Amino acid sequence: MSAPYILIVEDEQAIREMTAFALRQAGYHTQEAVDAREAQSLIADQRPDLILLDWMLPSVSGLELARRWKKEELTADIPIVMLTARAEEDDKVRGLETGADDYVTKPFSPRELAARIKAVLRRSAPEGNDDLLRANGLTLDMASHRVTSARGAELEVGPTEYRLLKFFMSHPERVYTRGQLLDRVWGSNVYVEERTIDVHIRRLRKALQPAGYDALVQTVRGAGYRFSTKV
Ligand code: CA
């Protein structure tokens, strides 16, 4: 397989060049764009495996671009990592809600960036080689529908909570509103009140609690829920 292609969209030359250098060192193939127009034409030439997108760009912001790309069929599946100078939790949530897969706050080390990109690429790989989802030792086996702790103890998870956990573990580090969870886990044809989500979240945490994994299911105030291994 050839090296993954990463499109870097950043207007600040120094950061752009440093980033491109670091990613090439890490074995990636890179292209650089200074604004939305250049990025668009590079994407039309060749579909990137991942887009590294600066939040603050001239004319069209990175946030607006992420929103557009996630809506268009051609680009909807390309993972996006946002580069941001803002460290406010609200902005992170806003960034992730527009469809960004992760964000890296400036200043960042090239090593950190490469690690985050690697993680996002791994998550977005089309088919996993096995049927296991893992997070901090918590393992969900899609073949046997078993959920086990790092010590191998089986956790008792109800059928709805299992589906919820499977969705969360396949889409970590992203905030989902109750409405989105209903659509993705229950299906958009099923009528369930949004409050029902809270009940199942509570049950899921209770099921994970004996092994200490309940903290991975996080409430994001005013937004929804997120599955995260970061505190
Ligand atoms: Ca910028």
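Taken together, the values in this text are just the output of simple stated rules run on the coordinates, not laboratory data. Please read these numbers as outputs of a predicted model, since none were measured by experiment. Positions of Cβ are generated from backbone atoms using ideal geometry, with glycine treated the same way; all protein chains shown enter the neighbour counts.
Some observations on this one:
- Distance between the 7 Å Cα→Cβ label points at R37 and V192: 4.8 nm.
- About its Cα centre, segment 5-124 has a charge dipole of approximately 380 debye under the convention of +1 per Lys or Arg Cβ and -1 per Asp or Glu Cβ, with nothing else charged.
- Per-selection Rg to Rh, segment 5-124 - Cα, Kirkwood hydrodynamic radius: 0.91
- Computed over the Cα atoms of the chain, the ratio of the radius of gyration to the Kirkwood radius (Rg/Rh) comes to 0.99.
- Ordering of 145-158, 101-114, 204-217 by burial proxy (mean other Cβ atoms within 10 Å per residue, highest first): 204-217, 101-114, 145-158
- Pair S61, D131: separation of 7 Å Cα→Cβ label points (nm): 4.5
- Cα-Cα over 26 Å, subset of K70/K206; K71/K118; K71/K206; K206/K230; K70/K166; K118/K206: K70/K206; K71/K206; K118/K206
- Treating each Cα of segment 99-184 as an identical point scatterer and summing with the Debye formula, the log10 of I(q)/I(0) at q = 0.13, 0.20, 0.24 Å⁻¹ comes to -0.54, -1.06, -1.25.
- Between the residues F227, M142, I201, the greatest Cα displacement towards the positive end of the dipole of segment 132-227, with unit charges on the Cβ of Lys, Arg, Asp and Glu, is found for F227.
- The smallest convex shape that holds all Cα atoms of segment 132-227, its convex hull, gives 90 Å³ per residue.
- In the chain, the DSSP-assigned H stretches of four residues or longer account for a calculated mean residue ellipticity at 222 nm of -11500 deg cm²/dmol, using -39500 (n - 2.57) per stretch and the full residue count as denominator.
- Extension gain for E12-A119 works out to 36.0 nm (0.36 nm per residue, less the C-alpha to C-alpha distance).
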